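Input: a single structure, listed below in structure tokens.
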Amino acid sequence: MLPSHTRRGPFFTRKPGMNVMNQASAPRTHRTPANALGLFAAAAVGALLACTGTMASAQEKVRWKVPVAFATNLPALGDNITYVSQQLETATKGDVQLKVFEPGKLVPPFSITDAVKDRKVEAGYTWLGYDQGKIPSSPLFSAVPFGMEPWEFTAWWYEAGGQKLAEEIYGAHGVHPILCGIIGPEAAGWFRKEIKSADDLKGLKIRFAGLGGRVMQKMGASVTVIPGGEIFQALEKGAIDATEFSMPAIDEKLGFDKIAKNYYFPGWHQTFTSFHLVVNKELWTKLGAQTKALVEMACTAGVMRNLAKGEAIQAPVLKAFKDRGVAVHSLSQELLKQLEKATSEVLEEEAGKDANFKKVYESQKAFVASYKLWKGVAYLPRTF
């Protein structure tokens with residue numbers, strides 16, 4: 001259909017009382033001259049082409065290589081980026097495409113942010129805690145021991161300055177971070193032997209990541225960080241005595257229950273686990289507003305869908321573990337209090353070493369203190 005402004009003028013001059021049926025027999029003197037009609041049609045077609053041309057050029061083509069930190073066959077942990085990429089491709093009729101590469105296919109899982117910064121790839125999907133060695137504040141954006149619950153973290157990120165802080169800190173490294181997924185608390189880990197007290201952690205060889213790893217070191221454990229795909233072999237060969245990784249449905253895929261039979265909760269070290277799409281900052285800056293909005297909307301949808309899926313699929317797997325002889329334990333209140341004390345010490349130490357860590361940590365503490373007023377009265381006690 002032609003734009004409305006091209007359809008306002010009549011094709012003929014109507015006499016008073018003339019109806020549609022007698023338009024054809026109207027005297028020629030009342031018709032628009034043929035040459036004027038031709039000019040009108042040409043102008044209308046030109047306007048239509050200009051309009052559709054503008055619409056076509058408004059959506060730029062995006063073809064990004066996106067390496068990921070976690071295999072996409074891992075439910076909730078790794079498959080969320082496939083949902084985001086599919087939604088973007090469908091919504092834009094193929095104009096925006098994220099080509100996902102499994103861990104290690106393009107770059108090592110722990111080197112995704114560096115690869116994005118150096119423009120070896122346009123973007124990546126990762127857990128920012130892996131950047132701890134070069135960006136000390138990064139774990140605060142990914143998982144904090146005894147930290148916020150998932151919806152609490154998203155409130156801080158979107159509404160209380162978290163996103164702005166992350167963009168400032170990562171922007172200085174040539175990277176633009178977009179919150180693109182989140183799941184609930186992990187398990188506290190898989191252990192060959194029962195953990196009854198803090199003494200059982202001393203000398204324990206364990207795979208642990210992020211700030212939780214620093215806490216375990218303070219508790220006397222020997223901590224190593226290895227990618228998810230290498231954990232089973234390390235556990236099987238005895239290179240490590242225990243490991244934490246993720247939620248039951250993810251841990252099941254990696255087969256930890258075949259070796260370690262003591263499964264501990266709650267996941268004190270990761271009360272939330274967030275994932276980010278990291279984009280080369282220069283590339284992001286050059287994108288049009290429409291494309292940026294589409295990517296951000298897809299990631300925001302990914303956050304919600306990711307959390308929903310993570311919560312929905314754990315119970316059947318947990319039951320299956322019990323049926324296969326896995327002992328599901330809860331850490332003692334005494335041990336949790338000791339871990340919390342060690343966590344406070346680690347966080348204060350890290351804040352003293354890095355100004356950005358301190359800034360983010362203080363922002364999170366202030367939000368948590370404020371949120372408690374609402375959290376304390378709004379929700380039913382967990383005993384209901």
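I'd like the residue in region 227-257 that is under 25 Å from LEU307 (Cα atoms) and among the β-branched types (Val, Ile, Thr) and, out of all such residues, is surrounded by the fewest Cβ atoms within 10 Å (Cβ to Cβ). Applying the filter and picking the extreme gives ILE231. In this structure, LYS341 does satisfy being over 20 Å from GLN132 (Cα atoms) and not in a loop (DSSP other than H, G, I, E, B). If I filter region 320-339 for residues that are under 23 Å from THR154 (Cβ atoms), of a type in the set (Ser, Thr, Tyr) and outside the structural domain of ASN73 (by TED's automatic domain parsing), do I get at least one hit? No, region 320-339 contains no residue that is under 23 Å from THR154 (Cβ atoms), of a type in the set (Ser, Thr, Tyr) and outside the structural domain of ASN73 (by TED's automatic domain parsing).
Tell me, please, whether a residue that is at pLDDT 95 or above, outside any helix (DSSP H, G or I) and not aliphatic (A, V, I, L, M) can be found in region 155-164. Checked against the condition, which is being at pLDDT 95 or above, outside any helix (DSSP H, G or I) and not aliphatic (A, V, I, L, M), region 155-164 yields at least one hit. Within region 246-261, not a single residue is over 28 Å from the mean Cα position of the chain (by Cα), outside the structural domain of TRP157 (by TED's automatic domain parsing) and within 20 Å of GLU334 (Cβ to Cβ). Residue count for region 366-381 under the criterion of being surrounded by 13 or more Cβ atoms within 10 Å (Cβ to Cβ) and over 25 Å from the mean Cα position of the chain (by Cα): the result is 0. Look through region 87-128, keep the residues that are aliphatic (A, V, I, L, M) and touching a Gly at 6+ places or on another chain (Cβ under 7 Å), and return whichever of them is nearest to GLU60 (Cα to Cα). Of everything passing the filter in region 87-128, VAL116 is nearest to GLU60 (Cα to Cα).
Let's see how each residue does on (1) in contact with a strand residue (DSSP E or B) (Cβ under 8 Å, 6 or more places away or on another chain); (2) hydrophobic (A, V, I, L, M, F, W, C):
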site	(1), (2)
LEU254	no, yes
PHE275	yes, yes
VAL278	yes, yes
LYS286	no, no
LEU294	yes, yes
GLY310	yes, no
PRO316	no, no
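Annotation: of all residues in region 276-325 being in a loop (DSSP other than H, G, I, E, B) and small (Gly, Ala, Ser), the one that is surrounded by the fewest Cβ atoms within 10 Å (Cβ to Cβ) is GLY325.
Among the residues making up region 190-217, those that are touching a residue at least 40 places away in the same chain (Cβ under 8 Å) and more than 19 Å from GLN132 (Cβ to Cβ) are TRP190, PHE191, ARG192, LYS193, GLU194, ILE195, LYS196, SER197, ALA198. The residue that is nearest to the chain's Cα centre (by Cα), counting only those in region 115-132 that are part of a loop (DSSP other than H, G, I, E, B) and of a type outside the set (Lys, Arg), is TRP127.
Taken over region 250-275, the residue count meeting the criterion of being out of contact with any Ser or Thr (no Cβ under 8 Å at 6 or more places or on another chain) and assigned to a strand (DSSP E or B) is 2. Among the residues of region 218-249, what is the count of those that are free of Cβ contacts under 8 Å to residues at least 40 places away in the same chain, in contact with a helix residue (DSSP H, G or I) (Cβ under 7 Å, 6 or more places away or on another chain) and part of a helix (DSSP H, G or I)? Looking only at that region, the number is 2.
The values are calculated or read from the model by the stated rules, or taken from the named source; none is laboratory data. Since the model is a prediction, treat every value here as computed from it, not as a measurement. Ideal geometry is used to build each Cβ from the backbone, glycine not excepted, and the neighbour counts take in all protein chains shown.
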